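In what follows, a structure is listed as structure tokens, so that the remarks can point back to it.
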Number of protein chains: 2
Amino acid sequence: MADEKLTSQSENFSEWYNQLVLRAELADYAPVRGCMVVRPYGWTLWENMQAGLDRRFKETGHVNAAFPTLIPMSFFEKEKDHVEGFSPELAVVTHGGGKELEEKLAVRPTSETIIGYMYSKWVQSWRDLPILINQWGSVMRWELRTRLFLRTAEFYWQEGHTAHASAEEAKEETYRMLDVYADFAENDCAIPVVKGYKSETERFAGAQMTTGIESMMRDTKALQSGTSHYFGQNFAKAFEIDFLNKDNELEYAYTTSWGMSTRMIGALIMVHGDDQGMKMPPKIAPIQVVIVPIYRKDKEKDAVMAAVDEVFAELKAGGIRVKVDDREQLSPGFKFHDWEMRGVPLRLEIGPKDIEKNSVALARRDIPGREGKSFVSRLGLLDSVKETLDSIQTSLFEAAKQFRDENIHDPATYEELKEVVEKGWAFSYWCESAECEAKVKEDTKATTRVIPFKQPEEEGTCIVCGKKAHKKVYFAKAY
Amino acid sequence: MADEKLTSQSENFSEWYNQLVLRAELADYAPVRGCMVVRPYGWTLWENMQAGLDRRFKETGHVNAAFPTLIPMSFFEKEKDHVEGFSPELAVVTHGGGKELEEKLAVRPTSETIIGYMYSKWVQSWRDLPILINQWGSVMRWELRTRLFLRTAEFYWQEGHTAHASAEEAKEETYRMLDVYADFAENDCAIPVVKGYKSETERFAGAQMTTGIESMMRDTKALQSGTSHYFGQNFAKAFEIDFLNKDNELEYAYTTSWGMSTRMIGALIMVHGDDQGMKMPPKIAPIQVVIVPIYRKDKEKDAVMAAVDEVFAELKAGGIRVKVDDREQLSPGFKFHDWEMRGVPLRLEIGPKDIEKNSVALARRDIPGREGKSFVSRLGLLDSVKETLDSIQTSLFEAAKQFRDENIHDPATYEELKEVVEKGWAFSYWCESAECEAKVKEDTKATTRVIPFKQPEEEGTCIVCGKKAHKKVYFAKAY
């Protein structure tokens with residue numbers, strides 16, 4: 001029931017998360033092991049996120065296409081790191097149309113292989129390059145321990161796959177798409193991110209370079225919410241994507257891939273949420289404004305509902321995603337809590353007194369209690385609403401950034417590092433050896449999250465082994 | 001190569017279709033039996049179709065959601081007609097994460113079962129109804145003989161699934177969504193349709209009533225391009241979707257489902273295409289206008305390209321989907337044929353003479369040769385382009401309607417029926433018996449396509465057996 005209180009974040013963060021996802025009707029458990037159902041409220045959120053990403057993809061010259069859900073098993077064998085990474089996670093189709101198949105098919109865990117195969121058919125000359133294709137869909141990776149949005153066997157995402165005539169151009173693409181993700185995360189989702197490289201250990205199976213964006217949840221754990229990979233010629237060689245270059249020589253293409261998934265919804269919940277529930281950033285909120293009519297007697301109802309309908313029509317015409325909560329059997333107080341839990345950024349209340357004063361009460365989701373409440377004139381209401389939504393968008397970002405920055409530590413010793421990763425991130429020099437990385441993981445469960453592009457100019461000493469180090473890295477526990 | 005001529009429709013319609021789909025880069029064969037790759041030009045077309053449908057779904061109160069791709073095999077057993085209809089076509093996952101599964105999973109052929117299961121969890125009271133959910137995605141039906149867009153093992157579609165508190169409301173929904181499909185087909189795709197009931201034999205597996213829209217291809221065959229089903233309480237009983245009604249009695253819900261797929265792209269090609277290639281209706285065309293610069297000498301090029309860039313910017317700002325074909329190595333004539341083949345509704349030509357006269361040459365795809373060409377002033381070009389696109393949209397519909405009406409026959413005898421279904425549709429009285437239906441199919445390969453909602457007032461006699469008949473039906477060969 002929506003009127004029961006959620007478990008608080010401080011009591012049990014993970015329980016808080018699970019309750020919220022179910023009660024806000026974002027998603028539900030499916031009757032298939034490890035799979036989820038994304039309910040309309042969650043899917044509308046994803047549609048809004050898709051729109052923000054898709055616009056950016058198209059502005060940077062990409063087009064969408066669709067490749068098959070099923071991939072011949074032999075395709076995975078063609079790139080050795082790729083097969084090692086994905087084989088253990090495959091769901092396998094062995095029968096079709098009542099007969100056993102000659103070649104087994106995997107439900108795609110990612111599409112580099114089958115897209116590589118098609119590109120080899122389509123590319124002959126440098127004139128056919130670059131190919132800049134994105135695909136929206138779902139993929140399947142058999143997972144035993146699952147959590148809605150964060151880790152499920154099937155999840156929804158986009159996967160971009162590009163092929164280029166030079167290494168330089170492909171690397172530019174890799175960075176460009178990471179910038180697109182960072183811009184989307186910060187401006188649309190109000191989630192501050194760190195951009196950087198993944199360590200060799202944390203790279204995508206088959207990639208020569210993996211970049212990612214990392215953000216901090218309210219429990220101070222890290223979550224990777226978008227990645228962009230440079231493959232060099234690995235996949236081009238495996239799938240024979242070759243072309244005649246301008247000098248009329250046969251050359252392998254250079255490829256990239258990049259993806260963002262419904263994990264981003266998990267990030268959204270855990271970056272902005274509080275004990276009352278979710279906080280949707282206005283730019284992607286399925287419902288930006290909810291109007292709650294307030295009346296006690298039946299004789300008040302007609303006047304109130306007439307005013308509510310008027311305001312609804314005005315906001316809707318102004319491009320606001322607005323909903324009227326006219327449920328009869330529920331009290332205004334119940335409705336307030338219900339929409340707070342679902343994270344609607346702005347609530348409007350309209351009662352007999354508001355009509356008298358020709359005003360409307362606005363209550364911001366991001367500022368609790370009286371402080372977040374104001375009364376504005378009906379004249380110019382649309383402008384007031386738009387300004388308030390903009391202000392909420394900005395302050396959600398600022399609050400998340402402040403929280404993150406307060407929880408990034410610069411430990412002086414390895415002992416101190418072990419302490420700080422229990423309550424935040426450590427930003428420390430690291431010698432880039434897999435041994436030191438593994439030691440931190442074993443001692444603390446924290447991993448190297450991201451080696452930021454922006455580095456201090458001076459060198460330092462590795463926080464683990466004390467050897468000379470050129471780079472600082474974020475160590476943190478992660479989802 | 002794009003400069004080779006397509007096989008003509010009259011020579012070999014089916015070969016013409018296959019060549020066109022590949023050369024226009026709408027789709028390609030996948031390395032998985034029976035599956036297709038929808039290439040960017042085809043997928044952009046599908047995105048435009050999706051936008052037209054999705055807007056109509058939302059205007060009629062529907063929301064989108066996502067249900068799993070894999071469905072437990074036992075779910076199919078719960079509705080006896082459904083299991084008979086779909087079992088032979090399933091692709092089956094038997095292994096996950098390296099282990100054999102306890103229960104096998106089917107790649108969804110359609111989602112009534114798993115959605116029914118979830119609705120039974122979500123519905124308790126009449127207050128939870130109606131549920132009006134749609135899903136965009138792909139489904140898998142193991143097919144041996146496949147054709148791109150028309151019949152592939154995996155295809156892309158939307159499937160709406162609704163649950164209601166009364167039979168009347170569910171039937172209204174069934175008809176409403178068929179109207180949505182017909183409106184979309186006629187207004188956006190310029191495809192005239194007949195709306196009506198499917199015969200009992202042709203019904204969807206598990207439905208109490210199936211309605212559909214049917215259209216005529218250029219070879220006079222019929223193609224069903226959208227269907228809407230009323231299930232009564234069949235699925236609600238199988239999946240226990242029950243609710244407390246307003247009288248506080250437990251009652252089963254009434255459900256519907258409706259779908260339109262990428263077959264519609266096949267219809268689009270076969271309704272409007274000619275020997276030169278495709279004709280895209282402007283409302284859904286990926287590219288509405290292509291600009292071909294015309295110059296012979298390098299010294300002409302700068303001025304021409306400056307004018308082309310100006311026109312491009314003006315049209316783009318005006319909301320037109322416009323492309324400049326600035327490929328260096330190709331002649332204007334080659335480009336003309338290439339874009340004709342791909343079906344771009346309107347071509348603009350700009351050369352030195354046009355610049356002198358401050359005019360632009362427009363060439364309509366739907367009217368070949370000089371007749372379809374006009375010269376308009378650069379002043380007011382955007383308006384001229386918009387008017388011409390509107391006119392093309394209308395005349396594509398009119399041409400298709402005229403062709404269809406000319407090829408619908410009213411045979412006087414069964415012998416005549418056998419003749420006319422070789423060159424068109426027969427619209428005849430039918431006694432509604434499965435025997436007569438089967439006889440026509442056996443004798444001619446024509447099936448009952450649709451029993452139109454609009455019927456003559458008088459009764460007649462069955463064209464097959466001569467018994468009294470209440471309804472007229474379309475008999476035709478079909479895709």
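Just checking, which of A:E47, A:E11 is more than 14 Å from chain B (Cβ to nearest Cβ) and not aromatic (F, W, Y)? Explain how you work it out, then say what you get.
Numbers: A:E47 fails: more than 14 Å from chain B (Cβ to nearest Cβ).
Checking each option against the conditions leaves just A:E11.
Yes/no matrix, rows are residues, columns are (1) in a strand (DSSP E or B); (2) in contact (Cβ under 8 Å) with a residue 60 or more places away in the chain; (3) within 9 Å of another protein chain (Cβ to nearest Cβ):
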{"position": "A:L105", "(1), (2), (3)": "yes, no, yes"}
{"position": "A:P109", "(1), (2), (3)": "no, no, no"}
{"position": "A:T113", "(1), (2), (3)": "no, yes, no"}
{"position": "A:M118", "(1), (2), (3)": "no, no, yes"}
{"position": "A:K121", "(1), (2), (3)": "no, no, yes"}
{"position": "A:G137", "(1), (2), (3)": "yes, yes, yes"}
(message) Condition (residue is within 22 Å of A:I114 (Cα to Cα) and acidic (D, E)) applied to region B:15-33: is it met by at least one residue?
(response) yes
(message) On the basis of being buried (at least 20 other Cβ atoms within 10 Å of the Cβ), within 21 Å of A:M260 (Cα to Cα) and touching a residue at least 40 places away in the same chain (Cβ under 8 Å), does A:G34 make the cut?
(response) yes
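Conditions tested, residue by residue: (1) of a type in the set (D, E); (2) within 11 Å of another protein chain (Cβ to nearest Cβ); (3) under 30 Å from A:D274 (Cα atoms).
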| site | (1), (2), (3) |
| --- | --- |
| A:T7 | no, no, yes |
| A:G34 | no, yes, yes |
| A:D54 | yes, yes, yes |
| A:E100 | yes, yes, no |
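Among the strands (runs of 3 or more DSSP E) confined wholly to region A:336-423, which include 1 or more residues that are in contact with a Phe, Trp or Tyr (Cβ under 9 Å, 6 or more places away or on another chain)?
A:346-350, A:359-364
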(request) Out of the residues in region B:40-50 that are crowded, with 23+ Cβ neighbours inside 10 Å and in contact with a strand residue (DSSP E or B) (Cβ under 6 Å, 6 or more places away or on another chain), state the one that is farthest from B:K279 (Cα to Cα). (result) B:W43
(request) Could you tell me whether B:R378 is more than 21 Å from B:V304 (Cβ to Cβ) and assigned by TED's automatic domain parsing to the domain that holds B:R296? (result) no
(message) Considering only residues that are facing chain B (nearest Cβ under 7 Å), in a helix (DSSP H, G or I) and surrounded by 18 or more Cβ atoms within 10 Å (Cβ to Cβ), which ones fall in region A:57-88?
(response) none
(message) Please return the ranges of strands (runs of 3 or more DSSP E) entirely within region A:161-235 where 2 or more residues are under 19 Å from A:F86 (Cβ atoms).
(response) A:209-216, A:222-232
(message) Quick check on region B:118-140. Is at least one of its residues aromatic (F, W, Y) and under 25 Å from the mean Cα position of the chain (by Cα)?
(response) yes
(message) Restricting to region B:267-309, name every residue that is charged (D, E, K, R) and out of contact with any helix residue (DSSP H, G or I) (no Cβ under 7 Å at 6 or more places or on another chain).
(response) B:D274, B:D275, B:R296, B:K297, B:D298, B:K299, B:K301, B:D302, B:D309
(request) Could you grab me the full set of residues in region A:38-55 that are assigned to a helix (DSSP H, G or I), charged (D, E, K, R) and over 15 Å from the mean Cα position of the chain (by Cα)? (result) A:R55
(request) Could you figure out which of (1) free of Cβ contacts under 8 Å to residues at least 12 places away in the same chain; (2) buried (at least 18 other Cβ atoms within 10 Å of the Cβ) isn't true of A:H161? (result) (1)
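Tally the residues that are in a strand (DSSP E or B) and either aliphatic (A, V, I, L, M) or at the interface with another protein chain (Cβ under 8 Å from one of its Cβ atoms) (or both), restricting the search to region A:139-158.
Initial filter on region A:139-158 (in a strand (DSSP E or B)): A:139-140, A:147, A:151, A:154-158.
Now narrow it down to the ones that are either aliphatic (A, V, I, L, M) or at the interface with another protein chain (Cβ under 8 Å from one of its Cβ atoms) (or both): A:139-140, A:154, A:156.
Count: 4.
Look at A:E112 and say whether it is buried (at least 23 other Cβ atoms within 10 Å of the Cβ), within 16 Å of A:A238 (Cα to Cα) and charged (D, E, K, R).
The answer is yes for A:E112.
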(request) Quickly run through region B:154-198 and pick out the residues that are over 21 Å from the mean Cα position of the chain (by Cα) and over 30 Å from B:W43 (Cβ atoms). (result) B:A163, B:H164, B:A165, B:S166, B:A167, B:E168, B:E169, B:A170, B:K171, B:E172
(request) Of all residues in region A:428-479, count the ones that are outside any loop (DSSP other than H, G, I, E, B) and over 23 Å from the mean Cα position of the chain (by Cα). (result) 20
(message) Among the residues that make up region A:136-143, is at least one of them modelled with pLDDT of 95 or more, closer than 22 Å to A:T211 by Cβ and not basic (K, R)?
(response) yes
(request) Kindly establish whether B:V420 is aliphatic (A, V, I, L, M) and closer than 21 Å to B:K454 by Cβ. (result) yes
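Return the residues of region A:395-424 that are within 20 Å of A:G273 (Cα to Cα), touching a residue at least 24 places away in the same chain (Cβ under 8 Å) and out of contact with any His (no Cβ under 7 Å at 6 or more places or on another chain); say none if nothing qualifies. Reasoning before the result, please.
Within region A:395-424, the first condition is being within 20 Å of A:G273 (Cα to Cα), and the residues that meet it are A:395-408, A:423-424.
Then keep just the ones that are touching a residue at least 24 places away in the same chain (Cβ under 8 Å); that gives A:395-397, A:399-401, A:403-404, A:407-408, A:423-424.
Of everything in region A:395-424, those that are within 20 Å of A:G273 (Cα to Cα), touching a residue at least 24 places away in the same chain (Cβ under 8 Å) and out of contact with any His (no Cβ under 7 Å at 6 or more places or on another chain) turn out to be A:S395, A:F397, A:A399, A:K401, A:F403, A:R404, A:N407, A:I408, A:K423.
The values are calculated or read from the model by the stated rules, or taken from the named source; none is laboratory data. Model, not experiment: these values are computed from the prediction. A quick note on method: Cβ atoms are made from the backbone with ideal geometry, for glycine too, and the neighbour counts reach across all protein chains shown.
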